[in-house]
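Structure first, then comments.
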Amino acid sequence: MIFGIAWFAMLWFGLIILALLASMVFLRRRKRDASDAVREAPGISEQNQARQQVLQKVQGMHAATEGLQGRARIKALRHYMDTLSDGIELISEIRPPASNGPKGEWVIAPGSEPNRRILYIHGGSWIAGSPKSHRTITDRLSRLANACVFAVDYRLMPENRYLDGIIDCQQAYRWILDNGPDGKAPANFVVVAGDSAGGSHTLGLIAWVRDQGLQPPNAAIALSPSTELMLTSLGKRPNLKNDVMLGPTVEKLARIPLPLLWWGTVLGFRTLPSNPMASPLRGDLHNLPPTLVHVSESELLLENAQRYVAKAQAAGSPVEIQTWPDMVHVWHLFTPLLPEAEAAFEHIGEFLARV
């Protein structure tokens with residue numbers, strides 16, 4: 001019973017990346033009646049076409065995992081996520097790290113400076129995703145920052161502990177301080193970035209760097225980050241009705257007695273939900289580097305992201321948030337397809353220029 005609840009709780013967070021499916025929110029909201037004869041402006045028509053393509057990706061993800069359970073479902077999800085960047089024209093060179101480096105890949109756009117480095121931590125709710133699945137983001141970051149991006153291939157659950165993935169990110173950060181794509185060399189500009197589950201690791205990592213007394217990053221970027229694993233008041237979460245993909249699952253979880261839900265999460269993640277490395281919102285947020293948080297106003301993670309930023313600001317840290325209305329979770333993945341994704345990257349470029 002407890003083990004089943006553990007998987008159920010873990011799969012809720014597993015669905016964080018599947019909130020990509022929440023694109024159905026804005027797709028459904030903007031769906032016109034077939035009999036509507038109002039002629040759309042060209043810009044609106046193109047936008048709807050882009051969202052239709054997103055819906056096709058969503059349907060493909062549904063089909064890839066339909067009827068599967070447990071490990072088989074995770075395997076299919078991982079495979080499908082790795083196809084997200086297929087067919088997209090990448091400007092960057094993809095290069096493996098040195099033989100003594102951590103697992104991952106360098107993403108290097110033309111003109112990138114070897115001493116300018118970004119550590120990117122992919123999303124996938126800690127059970128899926130890879131450097132390959134997020135190349136649309138890492139390619140774009142390398143271009144706009146003129147930096148070499150190292151996408152770390154950290155260990156995933158359930159084969160590994162949640163904390164194993166955190167250790168991999170910590171080791172990767174230490175490594176890029178002294179190693180670039182061309183070999184050993186110090187970095188003069190470092191950014192830590194990540195989305196969703198990787199956004200959680202990003203926020204936990206910058207606090208760990210501070211506590212270790214390491215060279216701090218010049219900036220951090222968290223895209224639709226998970227900031228807390230606590231499962232209290234699930235039935236009262238804002239956007240529960242708006243988030244048509246995560247909402248129904250969360251409503252079911254809300255019916256489970258809280259003690260069972262708590263221990264199910266502990267067994268699934270093999271750490272306490274209150275651990276600041278799993279719930280950055282619960283940690284000490286003073287003396288953090290300049291940090292930018294992006295989040296959609298339509299997703300379940302909105303409130304906790306806002307709480308994280310408010311707490312960090314109250315502690316005196318230069319943390320800021322930018323919200324987008326009616327957007328899919330980590331809509332950045334759909335660049336250059338979605339105009340809102342392009343606008344988000346422009347905003348990131350402006351942020352990095354300021355720091």
Query raised in the report: Could you count how many residues in region 283-301 are farther than 25 Å from Val355 by Cα and among the aliphatic types (A, V, I, L, M)?
Result: 2
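Yes/no per residue for (1) modelled with pLDDT of 95 or more; (2) closer than 23 Å to Trp331 by Cα:
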position: Thr65; (1), (2): no, yes
position: Leu68; (1), (2): no, no
position: Ile74; (1), (2): no, yes
position: Met81; (1), (2): no, yes
position: Ser85; (1), (2): no, yes
position: Glu93; (1), (2): yes, no
position: Ala109; (1), (2): yes, yes
Query raised in the report: Do we have any residue at all in region 152-172 that's under 17 Å from the mean Cα position of the chain (by Cα), part of a loop (DSSP other than H, G, I, E, B), of a type in the set (Ser, Thr, Tyr) and surrounded by 20 or more Cβ atoms within 10 Å (Cβ to Cβ)?
Result: yes
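Would you confirm, using the coordinates I've provided, whether Leu261 is modelled with pLDDT under 85, under 23 Å from Gly204 (Cβ atoms) and buried (at least 18 other Cβ atoms within 10 Å of the Cβ)? Outline the logic, then answer.
Details: modelled with pLDDT under 85: yes; under 23 Å from Gly204 (Cβ atoms): yes; buried (at least 18 other Cβ atoms within 10 Å of the Cβ): yes.
Yes.
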Report task. Provide a single number: the residues in region 304-355 that are assigned to a loop (DSSP other than H, G, I, E, B) and either modelled with pLDDT of 95 or more or under 15 Å from the mean Cα position of the chain (by Cα) (or both). Result -> 9
Query - Of all residues in region 41-56 being hydrophobic (A, V, I, L, M, F, W, C) and under 24 Å from the mean Cα position of the chain (by Cα), the one that is modelled with the highest pLDDT - result: Ala50
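Might you check whether a residue that is at pLDDT 65 or above, more than 17 Å from the chain's Cα centre (by Cα), of a type outside the set (Asp, Glu) and at negative phi occurs anywhere in region 220-230?
First pass over region 220-230, keeping only residues at pLDDT 65 or above: 220-229.
Narrowing the set further to residues that are more than 17 Å from the chain's Cα centre (by Cα) leaves none.
For region 220-230, residues at pLDDT 65 or above, more than 17 Å from the chain's Cα centre (by Cα), of a type outside the set (Asp, Glu) and at negative phi: absent.
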Requested in this report: Please enumerate the residues belonging to region 282-303 that are under 16 Å from Asp211 (Cα atoms) and not in a loop (DSSP other than H, G, I, E, B).
Outcome: Arg282
Query raised in the report: Pairs, please: C-beta under 7 Å, at least 6 apart or cross-chain, first residue under 14 Å from Pro158 (Cα atoms) and in region 67-80, second surrounded by 14 or more Cβ atoms within 10 Å (Cβ to Cβ) and at pLDDT 90 or above?
Result: Ile74/Ile127; Ile74/Ala128; Leu77/Ala128; Arg78/Ala128
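The values are calculated or read from the model by the stated rules, or taken from the named source; none is laboratory data. Because the structure is a prediction, the values reported are computed rather than measured. Ideal geometry is used to build each Cβ from the backbone, glycine not excepted, and the neighbour counts take in all protein chains shown.
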